[in-house]
């Protein structure tokens with residue numbers, strides 16, 4: 001689950017991680033009022049969408065308008081807010097369709113001595129979190145990794161012990177910090193790593209992390225993603241979810257207990273089991289097709305789950321064929337076929353459907369499919385299914 005910058009910074013503040021003062025604004029007048037309340041001569045008006053690259057992003061309706069702007073008066077804050085709110089911001093991460101900006105965050109301007117990069121993710125090879133830092137703040141970390149990999153520093157830490165003070169000092173010295181700034185870094189880095197672990201984050205990124213003129217570290221930006229599987233432990237985070245920023249089909253699937261991710265292809269996939277779903281997509285691509293989605297209906301594959309899965313798949317206008325790949329383990333194949341045919345009638349198919357079954361009672365299930373009046377193409381194995389579903393698009 002992703003959250004907005006202003007929400008992440010509120011959580012940072014509660015966790016003792018220094019952030020600038022800021023005020024949320026949802027109208028141009030609120031943006032002007034926020035500037036006045038902050039009381040300085042400089043403020044930053046930031047678009048709030050679930051995507052990076054906002055500072056370099058532009059609006060479809062106002063190509064000269066950036067997604068993040070510096071303003072020096074309440075009136076200028078109002079003028080920029082009027083061009084930003086309700087309009088579509090396009091960044092390197094949104095794609096050409098962009099995202100509509102409904103909320104702004106007006107933040108105090110700070111004196112910046114240095115800009116750094118900070119990120120925390122899970123390192124799957126080492127089975128622990130890793131704190132990543134670089135002197136190249138404000139740049140995409142992928143770009144730094146490609147052109148200046150030597151400038152990326154990594155420090156692994158134990159989830160039970162957290163980042164130790166000596167590790168924080170090691171990073172601070174490696175980044176050329178001295179005196180007061182080292183002490184500030186020691187506190188900041190240990191606190192942000194504790195935040196990552198305590199909240200079951202899958203990613204925490206601050207870009208840029210700044211060193212102020214007074215030598216203090218402050219999170220000038222904040223991007224946080226939580227592990228969906230751990231949200232049951234964090235009821236306080238549920239209200240932070242912004243469904244308008246998420247794919248409607250993925251929201252619908254989650255409500256139905258389905259694992260669904262939309263992709264760019266034209267072959268819909270309905271599979272029970274995540275590993276089987278990955279194999280199915282691989283074979284579709286191997287034989288010249290492109291999967292339109294990852295969709296795991298789970299081991300039960302009930303009538304309700306299959307019906308909802310078909311609705312979600314067929315609602316995608318890009319889908320021109322559907323491949324159902326089911327292994328009957330927990331649920332017998334004949335029971336699955338009954339669910340498939342019931343869902344077929346309820347949803348109404350308008351594209352070719354290829355079905356491959358394996359497992360308990362598979363022969364009985366295949367006979368049921370062959371004797372049905374449904375326009376269903378059966379396959380003997382997964383390779384056969386992938387070839388047949390790709391062939392339906394070529395015919």
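Readers should treat all values here as calculations from the given coordinates under stated rules, not as data from a laboratory. Since the model is a prediction, treat every value here as computed from it, not as a measurement. No Cβ is skipped: glycine too gets one built from the backbone with ideal geometry, and neighbour counts run over all protein chains shown.
Data table
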{"item": "Whole-number percent relative contact order across the range 21-108, with pairs defined as alpha carbons under 8 Å at least 6 apart", "result": "43 percent"}
{"item": "With Cα atoms, 0 to 90° folded angle of helix 303-314 axis to the chain main axis", "result": "70 degrees"}
{"item": "Geometric extent, Cα atoms of the range 11-162 - Rg, Dmax (angstrom)", "result": "17.8, 52"}
{"item": "Linear extension gain, residue 394 paired with residue 41, 0.36 nm per residue minus alpha-carbon span", "result": "120.8 nm"}
{"item": "Cα-based shape type of the range 127-249, given that a ≥ b ≥ c are square roots of the gyration tensor eigenvalues and the cut on a/c is 1.5", "result": "prolate"}
{"item": "Interatomic Cα distance distribution for the range 239-334, bins of 5 angstrom, percent", "result": "3, 14, 26, 24, 17, 11, 4, 2, 0"}
{"item": "The chain, relative contact order in percent, only Cα pairs under 8 angstrom and at least six apart counted", "result": "12 percent"}
{"item": "Size descriptor, Kirkwood hydrodynamic radius, that averages inverse alpha-carbon separations across the range 291-377, Å", "result": "13.0 Å"}
{"item": "Convex hull volume per residue in cubic angstrom - Cα atoms of the chain", "result": "166 Å³"}
{"item": "Cα long-axis angle, helix 333-347 against the chain (0 to 90 degrees, to the nearest 10)", "result": "70 degrees"}
{"item": "Between the range 305-329 and the range 265-284, the Cα center-to-center distance that results, in Å", "result": "10 Å"}
{"item": "Kirkwood-based shape ratio for the range 131-200, expressed as Rg/Rh from alpha carbons", "result": "0.99"}
{"item": "Span from the the range 210-225 Cα centroid across to the the range 100-164 one, whole angstrom", "result": "11 Å"}
{"item": "Using distinct alpha-carbon pairs, which all enter the 1/r mean, Kirkwood radius of the range 199-281 in Å", "result": "16.2 Å"}
{"item": "Cα gyration tensor shape of the range 21-108, rounded if a/c is under 1.5, else prolate or oblate by comparing a/b with b/c", "result": "prolate"}
{"item": "Convex hull volume per residue in cubic angstrom - Cα atoms of the range 248-394", "result": "90 Å³"}
{"item": "Cβ crowding within 10 Å averaged over residues, with 73-85, 150-162 ranked highest first", "result": "73-85, 150-162"}
{"item": "Added length on full extension, which subtracts the Cα-Cα distance from 0.36 nm per residue, residue 203 to residue 111", "result": "30.4 nm"}
